[in-house]
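Just below is one structure, and these are the notes that go with it.
Just so you know, all these numbers are worked out from the coordinates, no wet-lab data involved. Note that this is a predicted model, so its numbers are computed, not measured. Methodologically, a virtual Cβ is constructed for each residue, glycine included, from the backbone with ideal geometry; neighbour enumeration extends over all protein chains shown.
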Amino acid sequence: MKNKLEELRNNFLTGLSEIKDLPALRDFELKYLSRKGELSELLGGLKDLSLEIRREAGELANIIKKELQAKFEEAKNILENKEKKSFYLDATVPGDKLASGHLHPLTLVKRELEDFFATLGFSVVDGPELESEFYNFEALNVPPHHPARDMQDTFYVDLKNKQGEFDLTMRTQTSNTQVRAMQKYGAPLKVIMPGKVFRSEATDARHEHTFYQLEGVVIDKNINFAHLKNILEAVGKKLYGPDTQLRMRPKFYPFVEPGSNGEYTCFLCQGKGCRVCKYSGWLEILGCGLIHPNVLKAGGIDPEQYSGFAFGFGLNRLAMLKYTIDDIRLFNSGDLRFLKQF
Ligand code: DAH
């Protein structure tokens, strides 16, 4: 009898320690402590024993019964409290801060410029990254086999167009969208076209195969170089502060005539000369010019009636100068140590 009681006690205690929730505890109670449970059954057997053994076993049985009941109540309390707690909601406890991402430095620069141009009345237009040679070159006054194609190392794509010709490229410049926008919206036109461009470059700290540009086009009657200069001056002041000067020097681009570059006073040394501007006092940021009549014609616009200007900014270069980033490859690196700084 003694052994049976000890065995029951042990089974009870190990069973109880494994119980995780109240329903399981209820089953456990039925199994051991109810009227027909194992303990009652065992105690019922006492009556068949001789008087002396019965007394001794009865004493032990009582001790064990009390112990097991106490343990049971204890476990019940713990489980009930746990269950109460899990339904308890304190709305005043500060929440866990979710780690959220943030904008890429190129997106920051792009959006800043988009907002600015929007205030000047420009619309934002998107163009395709996989582009025909026609829009990337020919429509921009760069015929096949023209040496001007060598200015841009191009990724040609191994796919035929609907006419069965190989004529797809990864666009080398956002200028590809100029003629598309002209064909779609006609004149007058006032748009910017930001986006990703690709070149088959040997990469280093200043050259990357994938980078961003922001193109702009204004077409209307009597548009001239002064309008272009005015807009570019406004952009320079917006980017680098009210004292920023613009310098324009002739530069050849096939799709403009005359063509020019655009340089701003170095924001770091205010034109005195420093490491960032290579001691020239100026930072070259863009290409621009008056749109070549051939390009207007390709866009279905009559160059006798309309004229326009175009410009293209390198967004990586802008971001590099703004945030003093010294390696262009960081933008595409996905390196969190870099990205988390913005
Ligand atoms: N597409 C030129 C480049 O990638 C930049 C450029 C120059 C754009 C002159 C223009 C422009 O719109 O008029 O180097």
**OP:** Find the eigenvalues of the gyration tensor of the Cα atoms of the stretch 50-101, then list the square roots of 5 times those eigenvalues as equivalent ellipsoid semi-axes, largest first, in whole angstrom.
**Re:** 52, 10, 5
Original post:
Hey, rough spin-label estimate for Glu80 and Met151, points 7 angstrom out along Cα→Cβ, what's it come to in nanometres?
Top reply: 8.5
Original post:
What are the ³J(HN,Hα) values, in whole Hz, obtained from phi via the Karplus relation 6.51 cos²θ - 1.76 cosθ + 1.60 with θ = phi - 60°, for each residue of the stretch 75-80 in sequence order, with x given for Gly and Pro?
Top reply: 4, 4, 4, 4, 5, 5
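Nothing charged except the Cβ atoms of Lys and Arg (+1) and of Asp and Glu (-1): what's the magnitude of the dipole of the stretch 210-321 about its Cα centre? Round to the nearest 20 debye. Present the calculation step by step, with values, prior to reporting the outcome.
On the way: 12 positive and 9 negative charges, 103 e Å.
Using only the charged Cβ atoms, the result is roughly 500 debye.
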**OP:** Determine the shape class of the stretch 263-342: with a ≥ b ≥ c the square roots of the Cα gyration tensor eigenvalues, call it rounded for a/c under 1.5, and otherwise prolate if a/b is greater than b/c, oblate otherwise.
**Re:** oblate
Original post:
If each Cα of the stretch 86-144 is one equal point scatterer, what is log10 of I(q)/I(0) from the Debye formula at q = 0.24, 0.27 Å⁻¹?
Top reply: -1.01, -1.06
**OP:** Give the Rg (one decimal place) followed by the Dmax (whole number) of the stretch 200-342, computed from C-alpha coordinates and expressed in Å.
**Re:** 17.1, 54
**OP:** Could I have the simple spin-label model distance between Lys2 and His104, label points 7 Å from Cα toward Cβ, reported in nm to one decimal?
**Re:** 8.1
Original post:
If each residue's Cβ is checked for other Cβ atoms within 10 Å, how do Lys110, Lys237, Lys84 rank with the fewest at the top?
Top reply: Lys84, Lys237, Lys110
**OP:** Output the pairs from Lys20/Lys85; Lys110/Lys221; Lys238/Lys272; Lys237/Lys322 with a Cα-Cα distance over 18 Å in this structure; if there are none, say none.
**Re:** Lys110/Lys221; Lys238/Lys272
Original post:
What whole number of Å gives the distance from the Cα centroid of the stretch 162-192 to the Cα centroid of the stretch 264-342?
Top reply: 20
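Arrange the following residues from fewest to most other Cβ atoms within 10 Å of their Cβ: Thr119, Thr92. If you can, show how the numbers build up before the last one.
On the way: Thr119 9, Thr92 5.
Ordered by Cβ neighbours within 10 Å, fewest first: Thr92, Thr119.
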Original post:
List the chymotrypsin sites (Phe, Trp or Tyr not before Pro) in the stretch 67-99 that DSSP assigns to loop (not H, G, I, E or B) and whose Cβ has at most 12 other Cβ atoms within 10 Å. Which are they?
Top reply: Phe87, Tyr88
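Of the listed peptides 48-59, 94-105, 278-289, what is their order by residue-averaged count of other C-beta atoms within 10 Å, with the highest listed first? Before the final figure, lay out the partial values.
Working: 48-59: 11.8, 94-105: 8.6, 278-289: 19.0.
Highest to lowest by the protection proxy: 278-289, 48-59, 94-105.
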**OP:** For the chain, just give the cysteines left without a disulfide-compatible partner, judged by no other Cys Cβ under 4.7 Å.
**Re:** Cys288
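Compute the semi-axes of the equivalent ellipsoid of the stretch 1-158, taking the square root of 5 times each eigenvalue of the Cα gyration tensor, and list them largest first in whole Å. Can you show the working numbers first?
On the way: eigenvalues 1542, 94, 26 Å².
Equivalent ellipsoid semi-axes, largest first: 88, 22, 11 Å.
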Subject >> Positive-end residue, the stretch 76-191 charge dipole about Cα centroid, Cβ charges, pick of Pro188, Thr172, His146 >> reply: Pro188
Original post:
How fast does the chain diffuse by Stokes-Einstein, in µm²/s, taking the Kirkwood radius from C-alpha pairs at 20 °C and 1.002 mPa s?
Top reply: 81
Original post:
Can you list residues whose amide H is under 5 Å from Gln173's amide H, if they're 5+ apart or on another chain and H is modeled 1.01 Å from N?
Top reply: Phe198
Original post:
Shape of the stretch 127-245 from its Cα gyration tensor (a ≥ b ≥ c, root eigenvalues): rounded if a/c is under 1.5, otherwise prolate when a/b > b/c, or oblate?
Top reply: oblate
**OP:** Work out Dmax and Rg for the stretch 27-82 from the C-alpha atoms and quote the Rg first, both in angstrom.
**Re:** 13.6, 46
Subject >> In degrees, nearest ten, helix 22-32 long axis to first principal axis of the chain (Cα) >> reply: 20
**OP:** Treat the stretch 1-57 as a sphere of radius equal to its Kirkwood radius over Cα pairs and apply Stokes-Einstein at 37 °C in a medium of 0.692 mPa s; give the translational diffusion coefficient in µm²/s, rounded to a whole number.
**Re:** 266
Subject >> Convex hull volume of the stretch 216-277 per residue (C-alpha atoms, cubic angstrom) >> reply: 105
